[in-house]
Structure formats: structure tokens, C-alpha cells
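The values are calculated or read from the model by the stated rules, or taken from the named source; none is laboratory data. Remember, it's a predicted structure, so these values are computed and weren't measured experimentally. Cβ sites come from the backbone with ideal geometry, for glycine too, and all protein chains shown count toward neighbours. Side chains included, ligands, DNA and RNA excluded: accessible areas come from the protein's heavy atoms. Shrake-Rupley method; radii C 1.70, N 1.55, O 1.52, S 1.80 Å.
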Amino acid sequence: MKKICVLGSTGSIGTQTLEVVEAFPNELKVEAISGHKNIDLLEKQINLFNPKICAVMDREKGLQLANRITGSTKILFGLEGLIEAAVSSDVDMVVIAVSGMIGLIPTIEAIKNHKTIALANKETLVAAGELIMPMIQHKPLTILPVDSEHSAIFQSLQGNPLDSIRKILLTASGGPFRDKDAFAIQQATLSDVLKHPNWVMGQKITVDSATLMNKGLEAIEAKWLFNLQPDQIEVVVHPQSIIHSGIVYQDGSVIAQMGYPDMKLPIQYALFYPNRMANTSPSLNLFDLGQLTFERPRTDLFPCLSLAFEAMKIGKSMPVVLNRANEIYVDQFIKGHIGFAEIPSKIEAIMDRHSVINLDSVEVVQEVAIWTERSIAQW
């Protein structure tokens, strides 16, 4: 039986991970979970899965949860709690499903403690791929991708070496404004932005999908996961979200992974790799699909994608600035403090003010993130 820790168990990926666990009670056991402050859901998850550890980022909420539960689950708090859950001796695999850079240190500590990482958090490799990938250089399959696009590339790679890749095709739905004009983007409300055509996700990632920043972050993550150069990554808008990404090999062959939009499939693949387990998910019916279409991304209307590629090419500390600035400005948009169309211009302005430095340690990554926060606050 594989014993797992789910960091971010109350979010979209986390809850779907636990649904996969429910479907395979004889193969998977939840040893640890974590959440931010949704203690109602955490309490339900504790009652259902009886984990040994539950970490709550919000200490006050965690204390409330501790007073509500009656079982033996140990309640921990803050980042220290996340780390303790991730490195627990009872855990085989850590699912990193938290949002933002909060997942960085628990991921590094879990790797140091020889855990397998099922990575659903883009920001970890975007901000610190330069530090993390050397840690696993001689430990193949330490990180298994959970994002549907990276899982598709990983699945399409099976049996072939990384140096056989000519380029990858990173597919994007195009989001809710794919066929809209600049005026519609300028006038977009939060309600408009959150109407993703194909996927049900959390607010932050849904906003990122609408700006195409999500695809830019995925491109940077793919660079690290598959040892690619920026010019080996091609973003293809595919509105149907049936082809989840693929590889163009050196001989010109293209191998891609297809399926209905369902995050439980890549989650299950990561949890059981290299085995494929039978489930109740519907198989893809080619006769029902109709037409599959492909377009080039409109970077004139969605400049976040270009900003991400620029940050990837510059490298070093610039992706940290891109990522943290995006987190802050997306949060400001969600709270109604800025308009949707302001997000890319504000990110670009912060990038322009940054003097790039080498990333020698996690502390430097954190310092660059703090610099970004202060620059935004002072601007």
C-alpha cells in the first residue's frame, strides 16, 4: 500500500486526489493532509481518511480544528507543519497541491528525505527549478508531474530518452477570451474571467488561464522537467482540450496524449506510475469528438505568455519576479483593486525594474520574492 501526504487537500487538485484515493482503498492510504483555513472541509477529510497529521497554515483556524476533532490526528500549524507532514517517516509520496511559492520549501525537504513528489504546483519549479533539478539529477522519477499538460508530455515520452525530443507541443484551451477582442478584455469582470470553457479549477489558476500566464508558467516548468531550451517549447491553442500536449521527436514523429478533460486521470497516473489502473472514467470516443482545431496564441492580446517566455530566456532570478508579481496582481484583481487588463502591464513594469541575480539558495529565492513584494508596494 502506498502512503501519501496531500499538501493542499482542500483545493481543487487536493480534493480530486482524495477522490482517487477513495476509489482505491486497498492501494492508497492518506497519512497526512494540509489546508489553509477551510477547517470544515479538513474536519470532514480527517473523519473520512483518519490521517496521522493535518497541517493548517492559519494557526487560529488550526487551534479551532484541534478542539473539534476527537480522533488521534495530530494538528500542526504554519509552514513548519507543512514540512513535518511532508517529511513524515510514514509517507512514501507527497502530492504538492498547494498554490503559490508556499510549496517550495516542503518540496525541497521532502526530496531531501527521499520522498517521491507528485507535483501539481507550478510555482515550485518556476521559482526554483535551478535549485531543485540538480537535487534529483541522479534520482530518476523523484518528481512525477500532475498537471495535465506535463503528464501528457511525460506519458508521451515513455520509452524514449530526453535527447530524442525536437520540441514539445504545449496545448492551451485559450481560456474564456480566446475569440474575444481587446475591448472585451478591457471590460472583463471577475465573473467573466472565471468562466473557463473546459476546466473547473481554483480562482487563481483560472485567472492565470484567462491571461495565458498559466501556459507561460507551464512552459517554464516544462523546461526544467524535461531539460528543454525555450525554443523547444511551442504553445498551441486547442479549444477542445482533448489533446493535452505532446512531443515532436527528432525523426519528425509526433506522439501526444488524448482524453476528456478530467484532472483525476493525470493524478491517478502519477499516484500509480508506472502502472495504469482500471477506473470508471469514460474512454475517449473519437466518433463523438467532431472537429479538433488548433490556433497560434494571440500574444498581442495576451502578453503574459510572452512575458513568461522572456523571463524563461533571461533565467536566474527573473522567473521568481514574474511568478511573485503575477501572484500579487492576480490577487489584487480578484479583490477588485485592479482591472483584468492591467495584470500584464504591471507585471512587465516590475520585471523592467529588476536587476537579475544568480539563485544560489532558497534564501536568495525568498529574498527576490520579498524584493518583488516591496517593489509593488512602493510603486
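Considering each of Phe287, Phe309 in turn, give the residue that is over 30 Å from Glu27 (Cα atoms) and open to solvent by 50 Å² or more (accessible area, probe 1.4 Å).
From the options Phe287, Phe309, the qualifying one is Phe287.
Tally up the residues in segment 39-56 that are assigned to a helix (DSSP H, G or I), of a type in the set (A, V, I, L, M) and surrounded by 13 or more Cβ atoms within 10 Å (Cβ to Cβ), please.
Result for segment 39-56: 4.
Within the group Ser99, Ser9, which residue is part of a loop (DSSP other than H, G, I, E, B), open to solvent by 60 Å² or more (accessible area, probe 1.4 Å) and closer than 29 Å to Val320 by Cβ?
Ser99
List pairs: first in segment 149-176 and closer than 23 Å to Asn121 by Cβ, second among the basic types (Lys, Arg) and crowded, with 19+ Cβ neighbours inside 10 Å, Cβ under 6 Å, 6+ apart or cross-chain?
Every condition considered, the pairs that remain are Ala172/Lys215.
Could you grab the pairs with beta carbons closer than 8 Å, sequence gap of 6+ or different chains, first residue in segment 90-104 and closer than 18 Å to Asp331 by Cβ, second one in a strand (DSSP E or B) and at pLDDT 95 or above?
If the second residue must be in a strand (DSSP E or B) and at pLDDT 95 or above, the pairs left are Val98/Leu7; Val98/Ser34; Gly103/Leu7; Gly103/Ile96.
Report yes if some residue within segment 57-74 is surrounded by 15 or more Cβ atoms within 10 Å (Cβ to Cβ), among the small types (Gly, Ala, Ser) and in contact (Cβ under 8 Å) with a residue 24 or more places away in the chain; otherwise report no.
no
Just to be sure, is Glu363 at negative phi, assigned to a helix (DSSP H, G or I) and without any contact (Cβ under 8 Å) to a residue 40 or more places away in the chain?
yes
Looking at Glu19, is it in contact (Cβ under 8 Å) with a residue 40 or more places away in the chain, of a type in the set (Asp, Glu) and open to solvent by less than 20 Å² (accessible area, probe 1.4 Å)?
No: the conditions fail for Glu19.
When you scan segment 263-319, how many residues do you find that are modelled with pLDDT of 95 or more, out of contact with any helix residue (DSSP H, G or I) (no Cβ under 8 Å at 6 or more places or on another chain), among the polar types (S, T, N, Q) and closer than 28 Å to Val95 by Cα?
1
Which numbered condition in (1) of a type outside the set (A, V, I, L, M); (2) in a helix (DSSP H, G or I); (3) closer than 18 Å to Ala349 by Cβ; (4) open to solvent by less than 50 Å² (accessible area, probe 1.4 Å) is the only one that Phe302 fails?
(2)
Quick check: is even one residue across segment 320-341 touching a helix residue (DSSP H, G or I) at 6+ places or on another chain (Cβ under 8 Å), farther than 22 Å from Pro176 by Cα and of a type in the set (Ser, Thr, Tyr)?
no
Name the residue that is least open to solvent (accessible area, probe 1.4 Å), counting only residues in segment 265-284 that are more than 23 Å from the chain's Cα centre (by Cα) and polar (S, T, N, Q).
If we take residues in segment 265-284 being more than 23 Å from the chain's Cα centre (by Cα) and polar (S, T, N, Q), then Asn279 is least open to solvent (accessible area, probe 1.4 Å).
Is one or more of the residues making up segment 316-323 part of a helix (DSSP H, G or I) and surrounded by fewer than 16 Cβ atoms within 10 Å (Cβ to Cβ)?
Within segment 316-323, not a single residue is part of a helix (DSSP H, G or I) and surrounded by fewer than 16 Cβ atoms within 10 Å (Cβ to Cβ).
Given the structure, is Leu307 under 19 Å from the mean Cα position of the chain (by Cα), within 23 Å of Gln187 (Cβ to Cβ) and assigned to a helix (DSSP H, G or I)?
In short, yes.
Filter segment 77-95 down to the residues that are crowded, with 20+ Cβ neighbours inside 10 Å and either in contact with a Cys (Cβ under 9 Å, 6 or more places away or on another chain) or in a loop (DSSP other than H, G, I, E, B) (or both) and list them by number.
Those that are crowded, with 20+ Cβ neighbours inside 10 Å and either in contact with a Cys (Cβ under 9 Å, 6 or more places away or on another chain) or in a loop (DSSP other than H, G, I, E, B) (or both): Gly81, Ala85, Ala86, Ser88, Val91, Met93, Val94, Val95.
Output the residues belonging to segment 69-97 that are at pLDDT below 95 and in contact with a helix residue (DSSP H, G or I) (Cβ under 8 Å, 6 or more places away or on another chain).
Matches in segment 69-97: Ile69, Gly71.
Could you list, in sequence order, the residues of segment 349-363 that are over 19 Å from Cys304 (Cβ atoms) and open to solvent by 20 Å² or more (accessible area, probe 1.4 Å)?
Of everything in segment 349-363, those that are over 19 Å from Cys304 (Cβ atoms) and open to solvent by 20 Å² or more (accessible area, probe 1.4 Å) turn out to be Ser355, Val356, Ile357, Asn358, Asp360, Ser361, Val362, Glu363.
Identify, please: which residue in segment 216-264 is of a type in the set (Ser, Thr, Tyr) and touching a Leu at 6+ places or on another chain (Cβ under 9 Å) and is, among those, surrounded by the most Cβ atoms within 10 Å (Cβ to Cβ)?
Ser245
In segment 125-184, what residues are surrounded by fewer than 18 Cβ atoms within 10 Å (Cβ to Cβ), of a type in the set (A, V, I, L, M) and assigned to a loop (DSSP other than H, G, I, E, B)?
Within segment 125-184, Ile136, Leu141 meet the criteria.
Can you find, within segment 24-55, the residue that is farthest from Glu84 (Cα to Cα) among those that are of a type in the set (A, V, I, L, M) and in contact (Cβ under 8 Å) with a residue 40 or more places away in the chain?
Leu28
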